[in-house]
Amino acid sequence: MQIDKFDKNFLINSDITEPDIVWFDVNEPPFKIKGVIYDDNAKRYVRIPQEIAEKVSDGVAHINTWTAGGRVCFKTNSKYIAIQAETDQIGSLAQMSRSGLAGFDLYRRFNDKETYFTTFLPPEKWDAGYSGEIKTYGELTDYTLYFPIYNGVKKVFIGIKKDAIIDMADDNIREPPIVFYGSSITNGGCASRPGNTYPSILGRRLSMDFINLGFSGSAKGEKEMAEYVSVLDMSLLVIEYDSNAPSENWLEETHYPFYKIIRDKQPDLPIVIMSHCAALHAVYYEMKAGETWGSFDNRRKIIKSTYLRAKKAGDENIYYIDGREIFKGDEWDAVTTEGVHPNDFGFMRFAQYLEKIIKPLLKI
């Protein structure tokens, strides 16, 4: 028997029942899209132009349609907010909830801080999208709607009361963005909802715009990706693709060249490189990855060699993070879902650790 028969807090109601609703396409003013772009040819939101993603790899081309890090910002005093989303159908992951895979998080500005308000939850089954609704306090304030982590989005419409104000959000987010490039951990696996990925948490804590270029299993330091990233307008770059490199040789052959392509284009950009944070579960991870993947110790040496080589060449704006340090301390064994991917607690720890490193680099 379904639990929502006994506990109504588990009930998902996707029917829009409120009268006098006006609908807006978030791809049009006064809404502002961040972290994703609308690709007219693909007819969907993507994180980099789809034609570029297809040149990188099949994996990046597919995962590029997942909208991790996508947000839409707006201001309203409506006492009611609804969404209608046209999305891809979704499968399931044993490690991850539907709210993390395909939910939309709504945050509101409260006491000058972006604060969680609700999650529009996907139903158990849907064909082409779903709807959601929430009553609000009716105060004129900024809202941010976070897009799904592991699902594709074709269209999003926001509904408000007919006579309510709808306007652009205040410009209180620092730009240019931080860019995060990396594995499923950067992508957001296995956060319980979109606002709990470490790039999202850092964006709020630092009041910074950000772009999430995490590609689960497919961030392999390709030249084409480095060339794309190298011309982005950004405040800081975080590189975390250790675990996705299929072998130690692959990592060694790509890591320094990936960094160097970007450094040649942006000589003053702060670049943070890190080794894999799952090192505390090394035995489990190395067994799961297989013999050809190699070892954490060797991979860490490869990544640190990029740092040392860059420093020797005179780069004073490169920074190295040993992934073993991220989860050290109390409750280190409670930070993952299955020994590899962080849970919400792990992502908060991850963000707090990175914040100490990157905040001084941003001079904020």
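The values are calculated or read from the model by the stated rules, or taken from the named source; none is laboratory data. These figures come from a predicted structure and were not determined experimentally. So basically every Cβ, Gly included, is an ideal-geometry build from the backbone, and we count neighbours across all protein chains shown. Ligands, DNA and RNA are stripped out before the accessible areas are found, and what is left, the full protein with its side chains, is counted by its heavy atoms. Shrake-Rupley method; radii C 1.70, N 1.55, O 1.52, S 1.80 Å.
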- Pick from 18, 28, 51: which is among the acidic types (Asp, Glu), surrounded by fewer than 20 Cβ atoms within 10 Å (Cβ to Cβ) and outside any loop (DSSP other than H, G, I, E, B)? 51
- Test: residue 273 is open to solvent by less than 40 Å² (accessible area, probe 1.4 Å), in a helix (DSSP H, G or I) and modelled with pLDDT of 95 or more: no
- Message: Quick check on this structure: which one of 39, 127, 105 is touching a residue at least 40 places away in the same chain (Cβ under 8 Å) and within 19 Å of residue 153 (Cα to Cα)?
- Response: 105
- Query: Which of the residues belonging to the range 197-245 are among the β-branched types (Val, Ile, Thr) and over 12 Å from the mean Cα position of the chain (by Cα)?
  - Reply: 229, 231, 238, 239
- Query: Does residue 230 count as under 21 Å from residue 175 (Cα atoms), surrounded by fewer than 21 Cβ atoms within 10 Å (Cβ to Cβ) and either of a type in the set (S, T, N, Q) or free of Cβ contacts under 8 Å to residues at least 24 places away in the same chain (or both)?
  - Reply: yes
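Conditions tested, residue by residue: (1) under 30 Å from residue 224 (Cβ atoms); (2) among the hydrophobic types (A, V, I, L, M, F, W, C); (3) crowded, with 23+ Cβ neighbours inside 10 Å.
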residue: 103; (1), (2), (3): no, no, yes
residue: 124; (1), (2), (3): no, no, no
residue: 135; (1), (2), (3): no, no, no
residue: 152; (1), (2), (3): yes, no, no
residue: 162; (1), (2), (3): no, no, no
residue: 168; (1), (2), (3): no, yes, no
residue: 203; (1), (2), (3): yes, no, yes
- Item | All positions within the range 222-231 that are in a loop (DSSP other than H, G, I, E, B) and more than 19 Å from residue 65 (Cα to Cα) | 231
- Query: Has the range 228-247 got at least one residue that is more than 30 Å from residue 317 (Cα to Cα) and among the hydrophobic types (A, V, I, L, M, F, W, C)?
  - Reply: no
- From the set of residues in the range 54-72 that are among the β-branched types (Val, Ile, Thr) and over 13 Å from residue 228 (Cβ atoms), which is surrounded by the fewest Cβ atoms within 10 Å (Cβ to Cβ)? 65
- Message: I'd like to verify a number: residues in the range 108-120 that are farther than 12 Å from residue 194 by Cβ, in contact (Cβ under 8 Å) with a residue 40 or more places away in the chain and under 19 Å from the mean Cα position of the chain (by Cα), how many?
- Response: 1
- Of 115, 76, 119, the only residue that is at pLDDT 95 or above, of a type in the set (Ser, Thr, Tyr), touching a helix residue (DSSP H, G or I) at 6+ places or on another chain (Cβ under 6 Å) and over 30 Å from residue 230 (Cβ atoms) is 119
- Query: Of (1) over 17 Å from the mean Cα position of the chain (by Cα); (2) open to solvent by 10 Å² or more (accessible area, probe 1.4 Å); (3) more than 26 Å from residue 171 (Cα to Cα), residue 75 satisfies all except one. Which?
  - Reply: (3)
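Could you grab me the full set of residues in the range 295-348 that are assigned to a loop (DSSP other than H, G, I, E, B), farther than 21 Å from residue 259 by Cα and open to solvent by 50 Å² or more (accessible area, probe 1.4 Å)?
Residues satisfying the conditions are 328, 330, 331, 337.
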